[in-house]
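The values are calculated or read from the model by the stated rules, or taken from the named source; none is laboratory data. Bear in mind the structure is a predicted one, so any value in this text is a computation, not a measurement. Cβ placement follows ideal geometry from the backbone for every residue including glycine, while neighbour counts extend to all protein chains displayed.
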Amino acid sequence: MTPESTSNVREEIPLSKVEKASQSQKRSTVKQTVEPQRHIVTRPTPLERFLKMLGINSPIQKLIWLAILVLTPLSWVLHFAIPGNATVIFVFAFLALIPQSQVLGYYTEQLSLHSGEKVAALLNASLGNAVELIVAIIALTKCELEVTQASLIGSVVSNILLVTGIAMFVGGIKNGEQVFSGSDAQLQSALLAVAFSSVVFPTIFYIIETEKVPGNTGMVVDKRQEHLLALSRGTALVLIFIYGAYLWYNMGAAKKTADVEEGLKGQEEEQEEAIVNPKVAIGQLIFVTALIGVTAEFLVSSINGLVENSPLSKQFVSLILLPIAGNAAEHASAIMLAWKNKMRMSLEIAIGSSIQISIFVLPLMVIISWIMGKPLTLYFDLLQTIVFVVTVVIVHYIVQDGKSVWIEGVILCALYVILCVAFQVYPGSDAAAAINSC
(Lines give C-alpha, C1' and ligand atoms only; values in the text may rest on other atoms or scores of the structure.)
Protein backbone atom coordinates (compact mmCIF):
# COMPACT_ATOMS: atom_id res chain seq x y z
CA MET A 1 0.00 0.00 0.00
CA THR A 2 1.40 3.35 -1.00
CA PRO A 3 1.77 6.28 1.37
CA GLU A 4 -0.93 8.13 -0.57
CA SER A 5 -3.52 5.34 -0.05
CA THR A 6 -2.59 5.14 3.64
CA SER A 7 -3.22 8.85 4.10
CA ASN A 8 -6.58 8.48 2.29
CA VAL A 9 -7.67 5.72 4.68
CA ARG A 10 -6.66 7.82 7.71
CA GLU A 11 -8.68 10.72 6.36
CA GLU A 12 -11.77 8.50 5.79
CA ILE A 13 -11.92 7.17 9.40
CA PRO A 14 -12.86 10.46 11.15
CA LEU A 15 -15.31 11.28 8.33
CA SER A 16 -16.99 7.92 8.91
CA LYS A 17 -17.35 8.60 12.66
CA VAL A 18 -18.89 11.99 12.01
CA GLU A 19 -21.38 10.51 9.57
CA LYS A 20 -22.34 7.76 12.02
CA ALA A 21 -22.83 10.26 14.82
CA SER A 22 -24.91 12.49 12.56
CA GLN A 23 -27.09 9.59 11.41
CA SER A 24 -27.56 8.40 15.00
CA GLN A 25 -28.61 11.89 16.07
CA LYS A 26 -31.09 12.09 13.21
CA ARG A 27 -32.62 8.73 14.16
CA SER A 28 -33.02 9.78 17.79
CA THR A 29 -34.61 13.05 16.71
CA VAL A 30 -37.06 11.25 14.41
CA LYS A 31 -37.84 8.74 17.17
CA GLN A 32 -38.56 11.52 19.65
CA THR A 33 -40.77 13.22 17.05
CA VAL A 34 -42.71 10.09 16.22
CA GLU A 35 -43.01 8.70 19.77
CA PRO A 36 -44.64 11.21 22.13
CA GLN A 37 -43.19 11.68 25.60
CA ARG A 38 -44.89 9.60 28.25
CA HIS A 39 -45.87 11.44 31.42
CA ILE A 40 -45.87 9.36 34.55
CA VAL A 41 -49.01 10.15 36.56
CA THR A 42 -48.69 9.37 40.26
CA ARG A 43 -51.84 8.97 42.29
CA PRO A 44 -51.96 10.89 45.56
CA THR A 45 -51.65 8.81 48.69
CA PRO A 46 -54.54 8.62 51.19
CA LEU A 47 -52.64 11.00 53.49
CA GLU A 48 -52.21 13.53 50.69
CA ARG A 49 -55.91 13.35 49.84
CA PHE A 50 -56.80 13.83 53.51
CA LEU A 51 -54.52 16.86 53.84
CA LYS A 52 -55.96 18.35 50.66
CA MET A 53 -59.49 17.89 52.00
CA LEU A 54 -58.48 19.82 55.14
CA GLY A 55 -56.86 22.56 53.06
CA ILE A 56 -53.38 21.74 54.38
CA ASN A 57 -51.47 22.28 51.15
CA SER A 58 -48.59 24.64 51.84
CA PRO A 59 -45.48 23.72 53.84
CA ILE A 60 -46.33 26.44 56.36
CA GLN A 61 -49.77 24.93 57.02
CA LYS A 62 -48.18 21.50 57.46
CA LEU A 63 -45.65 22.95 59.90
CA ILE A 64 -48.40 24.67 61.89
CA TRP A 65 -50.39 21.44 62.19
CA LEU A 66 -47.25 19.58 63.18
CA ALA A 67 -46.76 22.11 65.98
CA ILE A 68 -50.35 21.55 67.12
CA LEU A 69 -49.99 17.76 67.10
CA VAL A 70 -46.78 17.96 69.14
CA LEU A 71 -47.36 20.88 71.54
CA THR A 72 -51.03 20.34 72.37
CA PRO A 73 -50.81 16.79 73.79
CA LEU A 74 -47.47 17.64 75.39
CA SER A 75 -48.97 20.60 77.27
CA TRP A 76 -51.88 18.42 78.43
CA VAL A 77 -49.58 15.64 79.62
CA LEU A 78 -47.41 18.11 81.53
CA HIS A 79 -50.50 19.54 83.26
CA PHE A 80 -51.29 16.14 84.78
CA ALA A 81 -47.72 14.79 85.09
CA ILE A 82 -46.13 17.77 86.89
CA PRO A 83 -49.00 19.84 88.34
CA GLY A 84 -46.63 21.61 90.69
CA ASN A 85 -44.44 23.09 87.95
CA ALA A 86 -46.69 25.92 86.78
CA THR A 87 -43.95 27.62 84.78
CA VAL A 88 -43.39 24.67 82.45
CA ILE A 89 -47.14 24.12 82.05
CA PHE A 90 -47.69 27.79 81.19
CA VAL A 91 -44.85 27.84 78.63
CA PHE A 92 -46.05 24.81 76.68
CA ALA A 93 -49.72 25.78 76.87
CA PHE A 94 -48.76 29.27 75.68
CA LEU A 95 -46.80 27.83 72.73
CA ALA A 96 -49.65 25.45 71.85
CA LEU A 97 -52.19 28.28 71.72
CA ILE A 98 -50.27 30.15 69.02
CA PRO A 99 -50.71 27.59 66.17
CA GLN A 100 -54.21 26.77 67.42
CA SER A 101 -55.28 30.41 67.03
CA GLN A 102 -53.81 30.49 63.51
CA VAL A 103 -55.76 27.41 62.43
CA LEU A 104 -58.96 28.79 63.96
CA GLY A 105 -58.55 31.99 61.95
CA TYR A 106 -57.79 30.02 58.78
CA TYR A 107 -60.98 27.93 58.89
CA THR A 108 -63.04 30.97 59.89
CA GLU A 109 -61.78 32.67 56.73
CA GLN A 110 -62.54 29.59 54.61
CA LEU A 111 -66.08 29.39 55.95
CA SER A 112 -66.56 33.11 55.33
CA LEU A 113 -65.59 32.67 51.66
CA HIS A 114 -68.43 30.17 51.25
CA SER A 115 -70.95 32.50 52.89
CA GLY A 116 -72.67 35.66 51.82
CA GLU A 117 -71.49 39.07 52.89
CA LYS A 118 -73.78 39.31 55.92
CA VAL A 119 -73.00 35.81 57.16
CA ALA A 120 -69.27 36.43 56.68
CA ALA A 121 -69.51 39.60 58.78
CA LEU A 122 -71.29 37.69 61.56
CA LEU A 123 -68.70 34.90 61.43
CA ASN A 124 -65.84 37.35 61.71
CA ALA A 125 -67.64 39.11 64.57
CA SER A 126 -68.18 35.89 66.51
CA LEU A 127 -64.98 33.98 65.72
CA GLY A 128 -62.51 36.74 64.87
CA ASN A 129 -61.28 36.95 68.45
CA ALA A 130 -62.49 33.58 69.69
CA VAL A 131 -59.21 32.78 71.48
CA GLU A 132 -59.39 35.95 73.58
CA LEU A 133 -63.05 35.25 74.30
CA ILE A 134 -62.34 31.66 75.40
CA VAL A 135 -59.44 32.71 77.64
CA ALA A 136 -61.56 35.49 79.17
CA ILE A 137 -64.51 33.14 79.84
CA ILE A 138 -62.28 30.55 81.50
CA ALA A 139 -60.68 33.24 83.68
CA LEU A 140 -64.18 34.46 84.52
CA THR A 141 -65.35 31.02 85.63
CA LYS A 142 -62.34 30.85 87.96
CA CYS A 143 -63.20 34.31 89.37
CA GLU A 144 -59.97 35.72 87.92
CA LEU A 145 -61.73 38.97 87.01
CA GLU A 146 -58.48 40.95 86.89
CA VAL A 147 -57.06 38.48 84.37
CA THR A 148 -60.24 38.76 82.28
CA GLN A 149 -60.04 42.56 82.16
CA ALA A 150 -56.29 42.74 81.69
CA SER A 151 -56.18 40.17 78.86
CA LEU A 152 -58.83 42.06 76.86
CA ILE A 153 -57.28 45.51 77.40
CA GLY A 154 -53.90 43.96 76.56
CA SER A 155 -55.29 42.62 73.28
CA VAL A 156 -56.50 46.10 72.31
CA VAL A 157 -53.19 47.73 73.21
CA SER A 158 -51.04 45.08 71.50
CA ASN A 159 -53.07 45.29 68.28
CA ILE A 160 -52.94 49.09 68.17
CA LEU A 161 -49.32 49.59 69.22
CA LEU A 162 -47.36 46.42 68.49
CA VAL A 163 -49.11 45.05 65.38
CA THR A 164 -49.79 48.43 63.78
CA GLY A 165 -46.28 49.60 64.69
CA ILE A 166 -44.49 46.61 63.17
CA ALA A 167 -46.73 46.75 60.08
CA MET A 168 -45.97 50.45 59.52
CA PHE A 169 -42.26 49.91 60.07
CA VAL A 170 -41.98 46.88 57.76
CA GLY A 171 -44.20 48.39 55.09
CA GLY A 172 -42.42 51.74 55.28
CA ILE A 173 -38.96 50.22 54.98
CA LYS A 174 -39.93 48.22 51.89
CA ASN A 175 -42.44 50.50 50.15
CA GLY A 176 -41.75 53.98 51.50
CA GLU A 177 -44.78 56.11 52.28
CA GLN A 178 -47.97 54.01 52.30
CA VAL A 179 -51.47 55.34 51.71
CA PHE A 180 -54.72 54.06 53.18
CA SER A 181 -58.29 55.30 53.62
CA GLY A 182 -58.28 58.37 55.85
CA SER A 183 -62.06 58.31 56.23
CA ASP A 184 -62.04 54.70 57.43
CA ALA A 185 -59.25 55.54 59.88
CA GLN A 186 -61.28 58.45 61.28
CA LEU A 187 -64.31 56.20 61.79
CA GLN A 188 -62.19 53.58 63.53
CA SER A 189 -60.67 56.25 65.78
CA ALA A 190 -64.16 57.46 66.70
CA LEU A 191 -65.24 53.94 67.65
CA LEU A 192 -62.12 53.49 69.78
CA ALA A 193 -62.86 56.84 71.45
CA VAL A 194 -66.33 55.54 72.36
CA ALA A 195 -64.69 52.40 73.74
CA PHE A 196 -62.26 54.23 76.01
CA SER A 197 -65.05 56.59 77.12
CA SER A 198 -66.98 53.55 78.34
CA VAL A 199 -63.96 52.69 80.50
CA VAL A 200 -63.24 56.25 81.65
CA PHE A 201 -66.79 56.96 82.87
CA PRO A 202 -66.81 54.17 85.49
CA THR A 203 -63.41 55.39 86.74
CA ILE A 204 -64.72 58.95 87.17
CA PHE A 205 -67.88 57.55 88.75
CA TYR A 206 -65.80 55.59 91.27
CA ILE A 207 -63.73 58.65 92.19
CA ILE A 208 -66.86 60.74 92.77
CA GLU A 209 -68.43 57.99 94.87
CA THR A 210 -65.24 57.74 96.94
CA GLU A 211 -65.28 61.48 97.68
CA LYS A 212 -68.97 61.43 98.62
CA VAL A 213 -68.66 58.54 101.07
CA PRO A 214 -65.35 58.59 102.99
CA GLY A 215 -64.02 55.42 104.49
CA ASN A 216 -63.37 51.97 103.15
CA THR A 217 -65.82 49.71 104.92
CA GLY A 218 -67.20 46.57 103.33
CA MET A 219 -70.64 48.15 103.04
CA VAL A 220 -69.22 51.10 101.08
CA VAL A 221 -67.37 48.77 98.72
CA ASP A 222 -70.54 46.75 98.16
CA LYS A 223 -72.51 49.91 97.38
CA ARG A 224 -69.93 51.14 94.88
CA GLN A 225 -69.82 47.72 93.28
CA GLU A 226 -73.59 47.70 92.94
CA HIS A 227 -73.60 51.11 91.25
CA LEU A 228 -70.70 50.22 88.96
CA LEU A 229 -72.36 46.97 87.94
CA ALA A 230 -75.52 48.82 86.91
CA LEU A 231 -73.50 51.39 84.94
CA SER A 232 -71.31 48.73 83.30
CA ARG A 233 -74.18 46.48 82.24
CA GLY A 234 -76.15 49.31 80.73
CA THR A 235 -73.06 50.58 78.91
CA ALA A 236 -72.29 47.06 77.64
CA LEU A 237 -75.70 46.79 75.98
CA VAL A 238 -75.19 50.14 74.24
CA LEU A 239 -71.71 49.16 73.03
CA ILE A 240 -72.97 45.89 71.53
CA PHE A 241 -75.68 47.87 69.72
CA ILE A 242 -73.01 50.25 68.35
CA TYR A 243 -70.95 47.32 67.10
CA GLY A 244 -73.98 45.83 65.36
CA ALA A 245 -74.63 49.17 63.65
CA TYR A 246 -70.96 49.31 62.63
CA LEU A 247 -71.20 45.85 61.05
CA TRP A 248 -74.31 46.89 59.14
CA TYR A 249 -72.53 50.03 57.92
CA ASN A 250 -69.54 47.99 56.76
CA MET A 251 -71.80 45.76 54.71
CA GLY A 252 -73.18 48.78 52.84
CA ALA A 253 -71.73 52.25 52.58
CA ALA A 254 -68.23 51.33 53.74
CA LYS A 255 -67.83 48.78 50.93
CA LYS A 256 -68.78 51.37 48.32
CA THR A 257 -66.32 53.84 49.80
CA ALA A 258 -63.54 51.25 49.71
CA ASP A 259 -64.32 50.48 46.06
CA VAL A 260 -63.97 54.14 45.11
CA GLU A 261 -60.73 54.62 47.00
CA GLU A 262 -58.99 51.39 46.07
CA GLY A 263 -60.35 51.03 42.54
CA LEU A 264 -62.18 48.11 41.04
CA LYS A 265 -58.97 46.59 39.74
CA GLY A 266 -57.46 46.42 43.17
CA GLN A 267 -60.60 44.82 44.53
CA GLU A 268 -60.48 42.07 41.90
CA GLU A 269 -56.90 41.25 42.77
CA GLU A 270 -57.87 40.72 46.40
CA GLN A 271 -60.60 38.18 45.67
CA GLU A 272 -59.90 34.73 47.03
CA GLU A 273 -61.55 31.36 46.49
CA ALA A 274 -62.27 28.84 49.22
CA ILE A 275 -60.34 25.57 49.07
CA VAL A 276 -62.04 23.81 52.00
CA ASN A 277 -65.54 22.35 51.94
CA PRO A 278 -67.87 24.26 54.32
CA LYS A 279 -68.78 21.11 56.26
CA VAL A 280 -65.10 20.33 56.73
CA ALA A 281 -64.46 23.92 57.84
CA ILE A 282 -67.27 23.74 60.43
CA GLY A 283 -65.96 20.42 61.72
CA GLN A 284 -62.45 21.78 62.03
CA LEU A 285 -63.70 24.91 63.79
CA ILE A 286 -65.45 22.76 66.40
CA PHE A 287 -62.38 20.56 66.79
CA VAL A 288 -59.89 23.42 67.12
CA THR A 289 -62.19 25.35 69.47
CA ALA A 290 -62.28 22.31 71.76
CA LEU A 291 -58.47 22.15 71.70
CA ILE A 292 -58.24 25.86 72.53
CA GLY A 293 -60.75 25.50 75.37
CA VAL A 294 -58.79 22.75 77.11
CA THR A 295 -55.40 24.37 76.50
CA ALA A 296 -56.63 27.77 77.72
CA GLU A 297 -58.02 26.10 80.84
CA PHE A 298 -54.56 24.75 81.69
CA LEU A 299 -52.94 28.08 80.76
CA VAL A 300 -55.16 30.18 83.06
CA SER A 301 -54.82 27.64 85.88
CA SER A 302 -51.04 28.01 85.82
CA ILE A 303 -50.90 31.84 85.93
CA ASN A 304 -50.84 32.20 89.72
CA GLY A 305 -48.16 29.52 90.08
CA LEU A 306 -46.11 31.15 87.33
CA VAL A 307 -46.26 34.54 89.07
CA GLU A 308 -45.21 33.03 92.40
CA ASN A 309 -42.26 31.07 90.98
CA SER A 310 -40.93 33.51 88.39
CA PRO A 311 -39.94 37.20 88.23
CA LEU A 312 -42.92 37.97 85.96
CA SER A 313 -45.77 40.01 87.44
CA LYS A 314 -49.44 39.11 87.06
CA GLN A 315 -50.07 42.38 85.21
CA PHE A 316 -47.33 41.56 82.69
CA VAL A 317 -48.56 38.01 82.12
CA SER A 318 -52.19 39.07 81.68
CA LEU A 319 -51.63 42.26 79.66
CA ILE A 320 -48.62 41.30 77.53
CA LEU A 321 -48.20 37.52 77.21
CA LEU A 322 -51.80 36.30 76.93
CA PRO A 323 -52.71 38.71 74.08
CA ILE A 324 -49.63 37.65 72.11
CA ALA A 325 -50.75 34.02 72.20
CA GLY A 326 -54.25 34.87 71.05
CA ASN A 327 -53.30 37.40 68.38
CA ALA A 328 -50.27 35.69 66.84
CA ALA A 329 -52.07 34.79 63.60
CA GLU A 330 -53.47 38.32 63.19
CA HIS A 331 -50.03 39.77 63.87
CA ALA A 332 -48.48 37.76 61.06
CA SER A 333 -51.29 38.53 58.58
CA ALA A 334 -51.21 42.29 59.21
CA ILE A 335 -47.44 42.46 58.86
CA MET A 336 -47.41 40.44 55.62
CA LEU A 337 -50.09 42.67 54.09
CA ALA A 338 -48.09 45.78 54.98
CA TRP A 339 -45.02 44.20 53.38
CA LYS A 340 -47.09 43.72 50.19
CA ASN A 341 -48.06 47.42 50.27
CA LYS A 342 -51.67 46.69 51.30
CA MET A 343 -51.72 48.99 54.28
CA ARG A 344 -55.49 49.49 54.27
CA MET A 345 -56.09 45.78 54.73
CA SER A 346 -53.35 45.61 57.35
CA LEU A 347 -55.01 48.33 59.43
CA GLU A 348 -58.39 46.66 59.02
CA ILE A 349 -56.94 43.60 60.73
CA ALA A 350 -55.00 45.39 63.49
CA ILE A 351 -57.31 48.28 64.40
CA GLY A 352 -60.45 46.38 63.36
CA SER A 353 -59.57 43.63 65.84
CA SER A 354 -59.09 46.25 68.57
CA ILE A 355 -62.54 47.67 67.82
CA GLN A 356 -64.09 44.22 67.95
CA ILE A 357 -62.57 43.48 71.35
CA SER A 358 -63.29 46.88 72.92
CA ILE A 359 -66.92 47.38 71.81
CA PHE A 360 -68.04 43.77 71.37
CA VAL A 361 -65.98 41.16 73.25
CA LEU A 362 -65.44 43.26 76.38
CA PRO A 363 -69.12 44.28 76.81
CA LEU A 364 -70.14 40.72 75.89
CA MET A 365 -68.02 39.49 78.80
CA VAL A 366 -69.85 41.90 81.11
CA ILE A 367 -73.17 40.44 79.92
CA ILE A 368 -71.90 36.85 80.29
CA SER A 369 -70.66 37.60 83.80
CA TRP A 370 -74.09 39.06 84.59
CA ILE A 371 -75.69 35.78 83.50
CA MET A 372 -73.13 33.77 85.49
CA GLY A 373 -73.57 35.93 88.59
CA LYS A 374 -70.00 37.27 88.50
CA PRO A 375 -69.40 40.97 89.37
CA LEU A 376 -67.37 41.98 86.31
CA THR A 377 -67.53 45.74 85.65
CA LEU A 378 -66.04 48.23 83.21
CA TYR A 379 -64.12 49.83 86.08
CA PHE A 380 -60.50 49.05 85.27
CA ASP A 381 -57.23 49.53 87.04
CA LEU A 382 -56.32 53.24 86.82
CA LEU A 383 -53.05 52.61 84.96
CA GLN A 384 -54.80 50.33 82.48
CA THR A 385 -57.42 53.02 81.85
CA ILE A 386 -54.76 55.69 81.24
CA VAL A 387 -52.83 53.37 78.92
CA PHE A 388 -55.99 52.66 76.93
CA VAL A 389 -56.75 56.38 76.52
CA VAL A 390 -53.18 57.31 75.56
CA THR A 391 -52.99 54.45 73.05
CA VAL A 392 -56.16 55.53 71.26
CA VAL A 393 -55.12 59.21 71.19
CA ILE A 394 -51.68 58.46 69.74
CA VAL A 395 -52.93 56.12 67.04
CA HIS A 396 -55.57 58.71 66.10
CA TYR A 397 -52.90 61.33 65.42
CA ILE A 398 -50.86 58.86 63.39
CA VAL A 399 -53.61 57.58 61.08
CA GLN A 400 -55.68 60.74 60.63
CA ASP A 401 -53.78 61.87 57.50
CA GLY A 402 -54.29 58.55 55.68
CA LYS A 403 -50.52 58.00 55.29
CA SER A 404 -47.85 56.08 57.17
CA VAL A 405 -44.05 56.02 57.20
CA TRP A 406 -41.63 53.74 58.99
CA ILE A 407 -40.78 56.20 61.78
CA GLU A 408 -44.40 56.13 62.95
CA GLY A 409 -44.09 52.39 63.36
CA VAL A 410 -40.96 52.90 65.46
CA ILE A 411 -42.88 55.33 67.72
CA LEU A 412 -45.72 52.86 68.31
CA CYS A 413 -43.38 49.94 69.02
CA ALA A 414 -41.25 52.05 71.39
CA LEU A 415 -44.34 53.03 73.36
CA TYR A 416 -45.34 49.37 73.60
CA VAL A 417 -41.91 48.47 75.02
CA ILE A 418 -42.32 51.22 77.64
CA LEU A 419 -45.68 49.74 78.62
CA CYS A 420 -44.13 46.27 78.92
CA VAL A 421 -41.61 47.61 81.43
CA ALA A 422 -44.30 49.56 83.30
CA PHE A 423 -46.62 46.57 83.72
CA GLN A 424 -43.76 44.33 84.79
CA VAL A 425 -43.03 46.52 87.82
CA TYR A 426 -46.63 47.65 88.48
CA PRO A 427 -48.25 45.69 91.34
CA GLY A 428 -51.86 46.54 90.45
CA SER A 429 -54.61 48.56 92.10
CA ASP A 430 -56.25 47.41 95.32
CA ALA A 431 -59.35 49.48 94.56
CA ALA A 432 -59.97 47.74 91.23
CA ALA A 433 -59.28 44.35 92.82
CA ALA A 434 -61.83 45.07 95.56
CA ILE A 435 -64.56 46.09 93.10
CA ASN A 436 -63.87 43.27 90.61
CA SER A 437 -63.84 40.39 93.05
CA CYS A 438 -66.20 37.47 93.58
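Conditions (1) out of contact with any Asp or Glu (no Cβ under 8 Å at 6 or more places or on another chain); (2) more than 15 Å from ILE335 (Cα to Cα); (3) surrounded by fewer than 20 Cβ atoms within 10 Å (Cβ to Cβ), marked per residue:
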residue	(1), (2), (3)
THR164	yes, no, no
ILE173	yes, no, yes
GLN178	yes, no, no
LEU187	yes, yes, yes
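Does at least one position in the stretch 268-290 carry a residue that is more than 22 Å from GLN61 (Cα to Cα), part of a helix (DSSP H, G or I) and modelled with pLDDT under 90?
Looking through the stretch 268-290, at least one residue is more than 22 Å from GLN61 (Cα to Cα), part of a helix (DSSP H, G or I) and modelled with pLDDT under 90.
Quick check: is even one residue across the stretch 312-319 farther than 30 Å from VAL170 by Cα and in a helix (DSSP H, G or I)? Within the stretch 312-319, one or more residues are farther than 30 Å from VAL170 by Cα and in a helix (DSSP H, G or I). Mind checking whether some residue in the stretch 299-321 is in contact (Cβ under 8 Å) with a residue 12 or more places away in the chain, over 28 Å from PHE380 (Cβ atoms) and out of contact with any helix residue (DSSP H, G or I) (no Cβ under 7 Å at 6 or more places or on another chain)? No, the stretch 299-321 contains no residue that is in contact (Cβ under 8 Å) with a residue 12 or more places away in the chain, over 28 Å from PHE380 (Cβ atoms) and out of contact with any helix residue (DSSP H, G or I) (no Cβ under 7 Å at 6 or more places or on another chain).
Can you confirm whether ILE394 is within 30 Å of LEU237 (Cβ to Cβ), out of contact with any Lys or Arg (no Cβ under 8 Å at 6 or more places or on another chain) and not polar (S, T, N, Q)?
Yes: the conditions hold for ILE394.
Residues in the stretch 174-190 include at least one that is assigned to a helix (DSSP H, G or I), in contact with a helix residue (DSSP H, G or I) (Cβ under 6 Å, 6 or more places away or on another chain), farther than 11 Å from CYS413 by Cα and hydroxyl-bearing (Ser, Thr, Tyr).
Would you check if SER151 is buried (at least 20 other Cβ atoms within 10 Å of the Cβ), at pLDDT below 90 and touching a Gly at 6+ places or on another chain (Cβ under 9 Å)?
no
No other residue among GLN37, GLN61 is part of a loop (DSSP other than H, G, I, E, B) and either within 30 Å of ALA281 (Cβ to Cβ) or at pLDDT below 55 (or both) apart from GLN37.
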